[in-house]
Amino acid sequence: MTSRLLLLLLCGALPLLAQDPRLTSRFAAPVALRLAATIDSAEREGLPTEPMVLRALEGQAKGATPDQIIAALARLGGALRTARTTLGPEAPAPELTTAAAALQAGVPQLRLSELRQLRGGMPVTAPLGAYLDLIARGASADGAWNRISDLARRRASDAEFVRLTPTDVDREAKPVRPPRPPANQGPP
């Protein structure tokens, strides 16, 4: 009886396993089944699943345990849900994925809402991507956010966000000092 039940469960799970051959080729069947169930659940919620597949593959490549990978997928799923709640149900997958990455990097949900409002319906993918890139390249979080929000307020193009460098943030953060008057050398 137990073997029939197991066979029935496995047969019912085969469609899940067939969803992404990258998982079945790299994970043992029981692990692939758990991963597929987690990813399938996200798909039923309308969340983008490619980032989850990639996260699972990344975890496997880095030698993470199956439990660590499942936990990482759960955290990513939570971040994707929060991103969708914040950005709206119509937000496209690239926007949700970038917003989820920002949330996981420590960007407060309130800043996502603020950026959505500042952009006035324009996608937030480029500004968030630029912000994450600036932080990764050593810019201060507050300085980078101030620069990003200033550009968003001005409805800057995506290209303007992509061109930002940490030097741009530093230049904005440091007040420009007026030149010093020449030292008094006496009357001419």
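All of the numbers you see were taken from the coordinates with simple rules; none came from a lab. Quick caveat: nothing in here was measured; it's all calculated off a predicted structure. Methodologically, a virtual Cβ is constructed for each residue, glycine included, from the backbone with ideal geometry; neighbour enumeration extends over all protein chains shown.
Miscellaneous remarks
- The dipole here belongs to segment 13-89: it is taken about the Cα centre, uses +1 on the Cβ of Lys and Arg and -1 on the Cβ of Asp and Glu, and is about 140 debye.
- Close amide H pairs (under 5 Å, H built 1.01 Å from N) link Leu47 with no residue at least 5 positions away or on another chain.
- Taken along the Cα-to-beta-carbon direction at a fixed 7 Å, the label points for Ala141 and Ser157 span 3.2 nm.
- The residues neighbouring Ala32, those whose beta-carbon lies less than 14 Å from its own, together hold a net charge of +1 under the Lys/Arg +1, Asp/Glu -1 convention.
- Relative exposure of Glu50, Glu95, judged by other C-beta atoms within 10 Å (fewest first): Glu50, Glu95
- Per-peptide average of other Cβ atoms within 10 Å, ordering 114-124, 98-108 highest first: 98-108, 114-124
- Within-13-Å neighbourhood charge of Ala56 [Cβ basis; K, R +1; D, E -1]: +1
- Anisotropy class of segment 105-175 from Cα gyration tensor, a/c 1.5 cut: prolate
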